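Below is one structure, written out as C-alpha cells; comments come after it.
The values are calculated or read from the model by the stated rules, or taken from the named source; none is laboratory data. Fair warning: this is a prediction, and the values are worked out from it, not measured in the lab. Using ideal geometry, Cβ is built from the backbone for each residue, glycine included, and neighbour counts are taken over all protein chains shown.
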There are 2 protein chains.
Amino acid sequence: MEVKGISQAILRRLPIYLTYLKSLPPQGPVHISATAIAAALHMGEVQVRKDLASVSKAGRPRIGYIVSELVEDLEAFLGCNDVSNAVIVGAGKLGKALLDYEGFSEYGLHIVAGLDIRVASEETTAGGKPIFGLSKMEDLCKRMNIRIGILTVPADQAQKVCDQMVESGISAILNFAPTHLTVPEGILVQNENLAASLAVLSNHLFEQMHKDSIKNTQEGESL
Amino acid sequence: MEVKGISQAILRRLPIYLTYLKSLPPQGPVHISATAIAAALHMGEVQVRKDLASVSKAGRPRIGYIVSELVEDLEAFLGCNDVSNAVIVGAGKLGKALLDYEGFSEYGLHIVAGLDIRVASEETTAGGKPIFGLSKMEDLCKRMNIRIGILTVPADQAQKVCDQMVESGISAILNFAPTHLTVPEGILVQNENLAASLAVLSNHLFEQMHKDSIKNTQEGESL
DNA sequence: TAGATTGTTAATCGATTAACAATC
DNA sequence: TAGATTGTTAATCGATTAACAATC
C-alpha cells in the first residue's frame, strides 16, 4: 500500500533510457546491462543502475536486463500504455503547432482539442484538430475527464487562464508561458521554459567567449 | 579576471524574475524588494535574495531594488541585449512553428533560418523565414558566425545531425529531440524535453489517483 | 533611532557518486 | 569456480534553507 516516491530527477531521466532502448535494432542482443546503457549515453554507470532499479526488478547479475522487459517496465511506469486526454489552451502559433504535433502520442497523450479566447465558434487546425472558445473549457474537461492541460498563452494571461484550468478540473499543467504559475496544493506545473534554457545557453556562450579571450591574452603575453 | 560561475539552477530562475518585473505596471512603485518578489511568485525569500545578489549589486537595505535597474541588470546578465543568431535544424511541424515563433526575440535570439534534409533548394515558412537544405548548414553558420542551434529532428536522426551542427561551429544546442545527445567538451546541450515533463506530469496524476483510491478505501472501511 | 531589508556565513537537505556485498 | 553485473549502504557533493550581522 506504500506509495513509492520517485524523485523528479530520476523521473526525467527515464524517458531517455526508454527512447534509447527503443532505438536499438530489434534483431540485436536480447540482453542489455546498465553498464552498456551508461556507456552508450555517456552517463554515470551507477546512476543508470539505480534509476533502472527503481522501475524494474528484472535485472540479473552477470546478464543485465532483457531489453523487451525493460522497455515494458519503463512504459508501464511512465504510463505510456494508458492514454490520457489533454487540451491545449492558447491556440497561437506554438499552440497550433503542438496541436498538430504527433510526438505526444508516443508518451500516451491524446490531444483532444485546442481552446482559445479569440475563437468564437469552432475552428480546425491544418491537422484537423478542433479549436473551441475558452468558455467551452470547463464543460469539455469535465465531460471527458481531462486532467492534463498544456498552456501556451502569452505570459501576461497565463495566471488567469491557469486558474480557469484548475477550476475545470485540470491537475497537471505543462506550462510554455515564460512565467511562474501559482497553483493550489495538489496541482502540478511543469515549466517547459524556453527562456530558462536560452539563459543557460547564452551564459555558456558568454563564458566560452570570456575563456577564449583570456586564453588569447595569455598566449599573447607568452609570446 | 575571475570567471564567476553561476549555477544552472539559479540561471534558470533568472528569466522568471525578469518576466515578472517586466509585467509590473510602469506607473507602479519605483522600488521592489526581494521579499515582495518572493511573495508574488510564491518562492523562497532567501532564494530570491541570493539569486538577485548574484547578478546585481544595486540592492539597498530597507529599500530594495530599483525595478528598472534590476531589469537592466537581469537583461545584461542574460544577454538579452546582444542579439545572437541561431538556426533551427529540422523543419517539421515543431521546427516550422518555432521558426515563426516570435518569443525568441525577447531573449535576444534571432532565428536566421531553418535547415532540413528534405529541402532541396529553398522554401519559406508561412512567416517568411527561409528553409535551406541541410548541406547549406556549415556554410551558413560559419558565414554568419552562428553559435546557437535548435534541434527539432526525429530522435533517430538527432545524434547524426547534432554532430554536423558541431562540425559547423555551433556550440550551444537546444535539443527538442527526445533523446540524449553526446557532444564533445565545450559544447552545451539544453534538453527541452517534452517527454521528461510529460513523465513527471503523468506520474503526478498516477500518484494522485492512487492517493484518492486509498482515501476512498479508508472512507469505505470507516463506514 | 528603529526597523526593514540586504548580503553572508553556517546548517540542512537531497541527489549523486563511491564502495561493497550479493548473485547468477 | 571466477568474474561480471546487480542492488544496497555509506560518503560526497551541491543546492537550498536558516540564522545573523551589516546598512540605509
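Worth a mention:
- Matching entry among B:D82, B:D73 (being within 13 Å of DNA strand C (Cβ to nearest atom) and not basic (K, R)): B:D73
- Taken over the range A:71-107, the residue count meeting the criterion of being within 7 Å of chain B (Cβ to nearest Cβ) and closer than 21 Å to A:L11 by Cα is 5.
- Residue in the range A:128-149 that is within 14 Å of chain B (Cβ to nearest Cβ), without any contact (Cβ under 8 Å) to a residue 24 or more places away in the chain and either among the acidic types (D, E) or under 30 Å from A:P26 (Cβ atoms) (or both) present: no
- Candidate set: the range A:98-123, residues that are modelled with pLDDT of 85 or more and farther than 19 Å from A:R147 by Cα; chosen: the one surrounded by the fewest Cβ atoms within 10 Å (Cβ to Cβ): A:S121
- Lone unmet requirement of (1) away from DNA strand D (no atom under 16 Å from the Cβ); (2) polar (S, T, N, Q); (3) within 12 Å of another protein chain (Cβ to nearest Cβ) for B:S68: (3)
- The residue that is nearest to the chain's Cα centre (by Cα), among those in the range B:141-154 that are surrounded by fewer than 18 Cβ atoms within 10 Å (Cβ to Cβ) and assigned to a helix (DSSP H, G or I), is B:M144.
- Odd one out for A:L74, checked against (1) within 30 Å of A:V30 (Cβ to Cβ); (2) without any contact (Cβ under 8 Å) to a residue 60 or more places away in the chain: (2)
- In the range B:39-57, the residues that are surrounded by fewer than 17 Cβ atoms within 10 Å (Cβ to Cβ), more than 10 Å from chain A (Cβ to nearest Cβ) and outside any helix (DSSP H, G or I): B:G44, B:S54, B:K57
- Hits in the range A:92-130 (condition: acidic (D, E) and part of a strand (DSSP E or B)): A:D116, A:E122, A:E123
- Screening B:R12 against (1) closer than 23 Å to A:A158 by Cα; (2) charged (D, E, K, R); (3) within 15 Å of DNA strand C (Cβ to nearest atom); (4) touching a residue at least 24 places away in the same chain (Cβ under 8 Å) leaves a single unmet condition, (4).
- A:V166 vs. criteria more than 24 Å from B:A97 (Cα to Cα) and not assigned by TED's automatic domain parsing to the domain that holds A:P15: yes
- Boolean, B:D73 is part of a helix (DSSP H, G or I), within 16 Å of DNA strand D (Cβ to nearest atom) and in contact with a helix residue (DSSP H, G or I) (Cβ under 9 Å, 6 or more places away or on another chain): no
- Residue within the range A:22-38 that is within 10 Å of chain B (Cβ to nearest Cβ) and either surrounded by fewer than 16 Cβ atoms within 10 Å (Cβ to Cβ) or under 16 Å from the mean Cα position of the chain (by Cα) (or both) present: yes
- Filtered by the rule that a residue be surrounded by fewer than 20 Cβ atoms within 10 Å (Cβ to Cβ) and facing chain B (nearest Cβ under 7 Å), the range A:201-210 gives A:L205, A:F206, A:E207, A:Q208, A:H210.
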